[in-house]
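The values are calculated or read from the model by the stated rules, or taken from the named source; none is laboratory data. Model, not experiment: these values are computed from the prediction. Note that each Cβ is placed from the backbone with ideal geometry, even for glycine, and that neighbours are counted across all protein chains shown. Each accessible area value is taken on the protein alone, full model and side chains, heavy atoms only, with ligands, DNA and RNA left out. Shrake-Rupley method; radii C 1.70, N 1.55, O 1.52, S 1.80 Å.
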Amino acid sequence: MTSTTDGRARITLAELRTGRVGLVLMGGGAKGAYQVGVWRALWERGVRRFSVIAGTSVGALNGLLIADADPSRVEQIWRDVVAGGVLTSAATRRRVLLRVLSGYLLFFLPVLMAFAVSMSLFERGDSIVLPVIAVLVGGCVWMHANYLRFRVATMPLLVVDLLKIREIGIIAALVGAMAIALDARSAEMVRMLLLLALPAYIVTMLMLQAGVQVLTTTLARVPLFDRPLLNAMMDTISAAACFPHCTGPVWATLTRYSQYQNPFEVDWRFHSGTEYPTAVDWRFNDQPYRAAWTPYYLDLRTTRPFNWVLEASSAIPYAFVQVSHGRDTFLDGGVRDNMPVAPAVQDRPDVMILVGVNGPQDREGPASLTGRSLTNWARFLFSDPARSDEVDRLRAEWVEASRRFHGPDNIARLPAEPPPIGVDPATVRYLWICPSRRTAPSDPVRNVLQGTMNFSPAYVDELVRLGYADTLAILDGLEQATVST
């Protein structure tokens, strides 16, 4: 069981009841049932109102429910809609996940082949075939990964970006090309390369496209969730929501595919003596930028309807298709920020309650929590077009500071320290509430099947009871410490 202040002023139960308290809810699929039990325990001990709530994935759903409903209503929704609206049959879950895995296997097979062949070159340097295969397969993987990267609607781009498929392909091709160039039989290898180039390209393309097709058709036609039932419940809440248990923002965390540009980076093309742009001119023209998955935070108080937000916040990669809204594409918020302290701390609460779902290992050290939160908030600001004026202002202040302290000729070599972005999370005290034991096996496959995707009534009830018992023990400990003091 994990409960702590941050070593400064002691957190008391009276402060949780009457002070400015934030609530942050981790994502984790079915394991979010733990947070339902936490809400009941908080309610019974008089902690019923928050200044800000932030959640990711199922935490975003729970945050919405906690802001709007008492514990009995939240538990009913979980029983009737969340757990009841999922394909709870173990056989169905296995069938869907096996089809998903087969799609990824088809997609990854050329990638694994490129990696294996390029590695084997170091052991079998006398081979005449391996360098050719490395160039062919590696080059094809690189070309198709680039193609898929810009076809946002085809598959979760996380596969391409996080698993470095393009990098594996180009490295394999370069290793093979180097082996050909250094081999005395290079002319024969080049002839073989030209002869096999078109067949290799076609085979690789067909395998990649077959994997994508299996993925998209499986996820579209056999969803794990009954979305219409969940959306109907969201429509009801959206029409009448007044959020009596939260006086400030109710943040939902998503992951957005966006143009990300750091205003505190100096373009490598800039040279000494050049006037560096300070305002709008620097955007996407004279400054490094990249397409990237970045955290994106939406306040449900000002967003109607909720449906697409909650669907996007829980679009788990490898299991669900991404969600498109307007011109943007979104994935599960947990891809970039599974414990969204970053938006919640902007409200400057006195105390933040952080609720995990996995076990004691969810607790994060202050330095790690602060660094991650500052990075996520900066990435959100720097990729949100609606905040471009604010980013331009920060950029101009930073350039001016660099010029003032180092002179215009030194800005590229010795820029000023970047200004602080948002509220420093280190100024807030934290109370962790995490499961006293692991809520699912530690290995990834069983963690998903027996934890994240296990919405069976028995598992949900077990976690609700655990959350309730853990939270009561923590709150009672705070009260006893106050009395003894």
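Odds and ends about this structure:
- TYR297 being modelled with pLDDT of 75 or more, touching a Pro at 6+ places or on another chain (Cβ under 7 Å) and surrounded by 17 or more Cβ atoms within 10 Å (Cβ to Cβ): yes
- Selection from the range 359-374 of residues that are in a loop (DSSP other than H, G, I, E, B) and surrounded by 24 or more Cβ atoms within 10 Å (Cβ to Cβ): none
- Pairs where the first residue, in the range 300-316, is on the phi < 0 side of the Ramachandran plot and in contact (Cβ under 8 Å) with a residue 12 or more places away in the chain and the second is among the aromatic types (Phe, Trp, Tyr) and open to solvent by less than 60 Å² (accessible area, probe 1.4 Å), C-beta under 8 Å, 6+ apart: LEU300/TRP251; LEU300/PHE306; ARG301/PHE243; ALA312/PHE330; SER313/PHE330; SER314/PHE320; ALA315/PHE330
- Check on ASP80, touching a His at 6+ places or on another chain (Cβ under 8 Å), farther than 23 Å from ILE474 by Cα and at pLDDT below 95: no
- Pick from the range 126-165, criterion of a type in the set (D, E, K, R) and farther than 22 Å from LEU194 by Cα, ranking: modelled with the lowest pLDDT: ARG151
- Residue pairs meeting the criteria (Cβ under 8 Å; at least 6 apart or on separate chains; first among the charged types (D, E, K, R), in the range 180-206; second not in a helix (DSSP H, G or I)): ASP183/ILE128; ARG185/ILE128; GLU188/ILE128
- Among the residues of the range 325-358, those identified as of a type in the set (Asp, Glu) and not in a loop (DSSP other than H, G, I, E, B) are ASP328, ASP332.
- Cβ-Cβ distances below 6 Å connect no pair with a first residue in the range 423-450 that is aromatic (Phe, Trp, Tyr) and surrounded by fewer than 17 Cβ atoms within 10 Å (Cβ to Cβ), a second residue that is modelled with pLDDT of 80 or more and in a strand (DSSP E or B), and a separation of six or more residues or different chains.
- Residue within the range 418-435 that is touching a Gly at 6+ places or on another chain (Cβ under 6 Å), modelled with pLDDT of 90 or more and farther than 21 Å from LEU298 by Cβ present: yes
- Among the residues making up the range 8-35, a single one is open to solvent by 10 Å² or more (accessible area, probe 1.4 Å), among the hydrophobic types (A, V, I, L, M, F, W, C) and not in a loop (DSSP other than H, G, I, E, B): ALA14.
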